[in-house]
Structures are given as structure tokens and as C-alpha cells.
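What follows is calculated from the coordinates using simple rules that are stated; it is not laboratory data. Since we're looking at a predicted model, the values are computed, not measured. Glycine also receives a Cβ, built like all others from the backbone with ideal geometry; neighbour counts cover every protein chain displayed.
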Ligand SMILES: Nc1ncnc2c1ncn2[C@@H]1O[C@H](COP(=O)(O)OP(=O)(O)OP(=O)(O)O)[C@@H](O)[C@H]1O
């Protein structure tokens, strides 16, 4: 044990900052966290954080007064501080690495008409978040972990192949955390987790993420600096995993013709901010990688080098490990070459093969989980994926035109090929609603030099260009709505969740000051927020307008603020937005509006969202719509022969000549016996010692196959398991009440 010593010199202590003006609930949450004694975070909230604050206001103000006598002056100064006005050089005082070329680049950048994304040019969403890249506004992927018991449940749910990769990653992360010096840090991995739709890739990466964060966590580490970044290639896919887009996390540029885009170093300010924010980053998880392009991959590699190691080091991706996840046979990126192709702007890669081909090793899942209730459908889908459908498959697929939809829910999701088809279906469905229709228009403003807001007119109607908030929306009671922003991640109110508008309370003189009451599909979504709904609307979540700041390079050079309800109509989705989702009931419509055939992989992506043939109806479907991506197919064949991550190499091997002994602080054997049963890394040990079992005697449900268990009644609940397979004999020696011992002869 160390000693506690009172500090003699005065120090100025600051904590993370939240603006009351911009996010009132988070502001009160922060005050409660800092100034109220608490054991569990659930104690911090009544119906809202603000309500809880009112209850304990006197104590909190007393504590602030006592510990931070200049609190109000500092808060006022922080509220006035606008990071956009700050000179980029300020960051050099915090982070080293001043680069002259970056400064020069920054000057050039200001002349560039479209320095960053212009998503309106893209036929589908490629970036979710345009918020200004100030330190406060960087969107960091998933930060909230599930509870430990949920984590163990997730780990137990993994099938054998999923579990092998999980164990490999967990072991890598543990070795990384425990490495005593640079030489003992394990090399970063570059793994491509692949498999057809519904084999559980996303389920596995969600579990891997939880495991990696836990295994990499060091005491005292700043929780705001992620060790693992959960990302995806599109906003909708990112919302499925509560992550962020790769483009938004690293300010990667997006253009209609990505393939010809030359790499530009980010501004010094952005690099320094990222160096600070990502100081602890070890792993990037990138889901739905098939929609990420080769040029973007190259730009990511160079940006990470600029942030972490510099270009001279030649360390790929700045020495950050990458787990790319997806199915190359599903949808490809828009405007860019597939991720495995050579990037045309890099001469070097054309000689050495693409970055992807040089680095990534494939690990493939094969057991289809999504359609496990309908194995015949799962087999048909596997053949559709690879273009090997039989006559019988074709007949069975054509039969899906006749699926009986009488038991489908009223607002079953419709999947279409294009945004226009989605929009017209949404409008058609809205017109079927009889009640009064209400149109709400967003309020846009920009800040002048003295931070007073002034009105501005934004012409873009693409909400992915305007921070995820649309310029206007028309709805009526009963409309299907989807959240377009993460509203409250802890309460599962994340971008992409869908529900029905059951009521609204919109003042006619200030339409943006009201509330929409939405009933979401799952009870879990908005469970806390529902507590503040009026009693007759307790099943619905109140959603208020939010203010988002974003940069619209094509229109103005200063950040714009938009206030709007973060929702859009959601009777239908494009196939691109559906990639990664699972639907119990769905209708896939293939209307022929153009002569050109649907993109490769599109029909397979749409159909493979369904869990069974009873839950999917096809409309206007023609077998000719199924186009297999030959290039992707060839690449998978290449990877599986040349670049396979051999699963037998991942099995935790032990040297038969050695005796392996492990210790686990089990913290309740009754609770975790089921976790021991499925943990191969533990079951490989010859001798397993457990402490804090919280039991007096081992019972049958504590036994491990192939192990003999020994326990001694001790105060601390110690237990020892010795492998029966090993040629070692056990000799019990007397134990005291604090120490248990066995002698083993090998
Ligand atoms: N080990 C598992 N235990 C329980 N459910 C699982 C497991 N693996 C996957 N699932 C479930 O199966 C469904 C499909 O899984 P998931 O979305 O992870 O597949 P995917 O391979 O990512 O599919 P796609 O390529 O279409 O995005 C989900 O509902 C998921 O929760």
C-alpha cells in the first residue's frame, strides 16, 4: 500500500467541460458527478439530471464554494472561450511536433474550394458527422461499456470460431498492457474478419470491443482518450455498433471521385488535436469495410502516420492495429475502388501490391446465425452470395413474391435500391395518414465575430452535409420516424433507431421549442427519458430539437448552427443503409427505374437482412438482379490461399514439456463457473488457482471437465484445479486458513 500525503502547494484543478447553454442535461450530470458523493451512477439521476441537481443543490453549491472558490469566474471564461477563434499555434504549446509543411499546407487549404467532404455529391451517405473539428466536437466512437455481467454473457454466447478470434485479441491486448518496454509490445495486427451476411461478424466485434477496452485499461488512464476506436464505413453501420465513421474520426476527405483524390496532410491544428485525443489509441475496428474505398484506406494510413509515427518510420497505419470487418461480396464503396485494390494515387503501391494485400490476413466465420431458424434459407443465401444458385434455389427465391404478409407488422420496413425510391415511398406512406400534417423548418444561424448569432440560409438539402439534421420535415401522428443523431447514447437513443410518432407538443409561435413523443421498437430504447413523459404518454420518448454545429465548406467559411428535431421519415431505407441490419419482417422492392443493372452485391445484401423466408417478401425481383462481384470473389480466393490467419495458430498452444500454472481472481465462483467452462485459455492450464471464490466448499456445478478440483475451507475462498490429463500427481499439504497449497510432481 502506498501512503496518502496532503498537497502543500496550491493547484488549479480542472475537469472536463460541458456548456450549460449547449447541453443542459450533461452540464448537470457533470456537476453531480463531481460534487455529490455517489456509489453507483444510477444515484445521479431522478427523472432527469437537472431534477436530481435541484434536490441536492444546496450540498453541491456548498462543495463548490468550499473546493473551488473561483468556480463562477472560470465557468464564465470557459463559456466565452470559442475554440474556433483560437490560434492553431496554441496547440503547439500542448502537443509537440510542429511541422513546417503542415503550416504551409494549412495556408493552401484555405484556398481549396472543397477541402473536405461534399457528401451531396455522393449518391449515398458516406459520412455521418460534419461537426466542426474542434477539440470539443471530435466525435469519438463508443465510450460506454456494457456492464461486466452483460460482457460475460456476450463472451459466453460466442460460437467456437468467434471465440477463437476473441481469445486471440484479448490475449494480444493483455500482452500490450503488460509490456514492460517497447521491445516487448506485441506487433500490431491487421486482420480482416470476413464471412457472409449474418454469420455474426458485428456481434463478435461488439464483444471484442468490450474485451479489448477492458484488457487495455490501465489504472489512472484518462477515460476520454480511447484505446480502441469503434468505427464503420457509413453512418448507419456506425450507429449499429454505437461507433463513429472512419471519415469523421480522422477527418478523411470524401469526394464524388475519390479514386483520383490526392492525399493532403491535415492542418497542424487538426493533427495536434488528434495527437492529444488519440494519445492512448491502440486498435481501430472498422466495420462494413466493403464500403470503404482503397483511396480512403491509403488516406487513413497516411493520416495515422502523420498523427503517430511520422512518414519516415514506414510503420503502416502509424503502428495502430486494425480489425477490418465485413463481406467483400456485399456492397462496394461509392466513387472509389474496392478496399483491396491498388490506390491509383500511390505509385509505390502499384509496385508492391495494395496496402490491403500487403498487410491484411483473413479470418472467416462460416456458421450463419441470422437465419439459424431457417437453415435452408441460410444455404440458399450462401449460394446467392457466391453466384452458385441452383434451379431449385431460383424457384424458392421466386416463391418469395408470394409470401403471406398478413401477419407482417403494419409498418414493415421496405428496402429499395436508391434514395429517390425511398423518398417517394416515405411520402406515399405519409399521405395515407389522416390526421393534420405539420411541417417544421430548421433554424440556421452562424456566429459573427462577437459570438452573436445571425440568420443564414443553407441551400443544401442533404442532411448528411448538415450535421444529420434535415432542413425541413413534414409528419403527422402515426408517422414512422428514425433518429438521425445520437441523442442519448446511455439511454440507447442512437442514430438509426426507428419508432412511431404517437403525439407531439409543438407551440405554433416557436415550433422548435416543443417535443415529439416517439414510441420506439424496443422497450430498452429511451427507458430513462420516458420517465419525463406525461403519464398518458409513458410509453413514448420525448424528443426535443437539438443544435448542431457544422462546417459547410462550399457555402460559408465559418461554422453554422442548425436547430432542428433529429428525425427523418423511416418507412423505407436504401440497401446501403440496411447493410449490417437484421429484420424479422421486411419487404425488398426492386423497381426498375433505370436501364442499368443494380450494383454487384446489392440484391444479396438486401435479401440477406431477413431472418427467415416467412419474414421476407420480394417485389419486382428478377434473378438477373443478382450480380456477384467477381473481383471480390477472386480477392477472397486469393486471401484464403495466400493470406489466411490460420485459426490453429490462434489456439492457445502449450508446450507439452512445461507445466503451466495460472491464477485468476474469480470474484465469485458460483457466478463465474459458467465463464470458466467456456474459456479455452484457462482450460489449457495444467494448474489453475482461484482466489475470492466467495464459497466455502466446491460443489458439482463448480467442476471443470478434465480437472480435479481441490479446495480448503478458508476465509478467502481459495480453490485449485489440476488437469487430469497431465501426468502429474498431486500431494495435498496442510493448509492454513489464509493459504492453500498443493504439491504436484510432474
Ligand atoms: N454468437 C451469437 N450468439 C447470439 N446471437 C448472435 C451470435 N452471433 C450473431 N448473432 C445474431 O445474429 C444476427 C446477425 O449477426 P450480425 O449482424 O453480427 O452478422 P454480420 O455477419 O455482421 O452480418 P452482415 O454482414 O449482414 O452485417 C444478429 O441478430 C446477431 O445478434
Each label point is 7 Å from the Cα along the Cα-to-Cβ direction; what then is the distance between the points at residue 22 and residue 539, in nm? 3.8 nm
Using Cβ counts within 10 Å as a stand-in for footprinting exposure, how do 343, 689, 674 rank, fewest first? 674, 689, 343
Counting other beta carbons within 10 Å of each residue's own, what order do 668, 296, 681, 233 fall into, fewest first? 668, 681, 296, 233
Descending Cα extents along the principal axes, the range 265-399, whole Å: 59, 32, 24
Would you please classify the overall shape of the range 252-331 from the alpha carbon gyration tensor, given that a ≥ b ≥ c denote the square roots of the eigenvalues, rounded means a/c under 1.5, and beyond that prolate means a/b larger than b/c while oblate covers the rest? oblate
So, in Å, what gap is there between the alpha-carbon centers of the range 147-181 and the range 373-396? 34 Å
With each pseudo-label sitting 7 Å past Cα toward Cβ, what's the residue 309-residue 412 distance in nm, one decimal? 5.1 nm
Taking 174, 605 and counting other C-beta atoms within 10 Å, the order from fewest to most: 174, 605
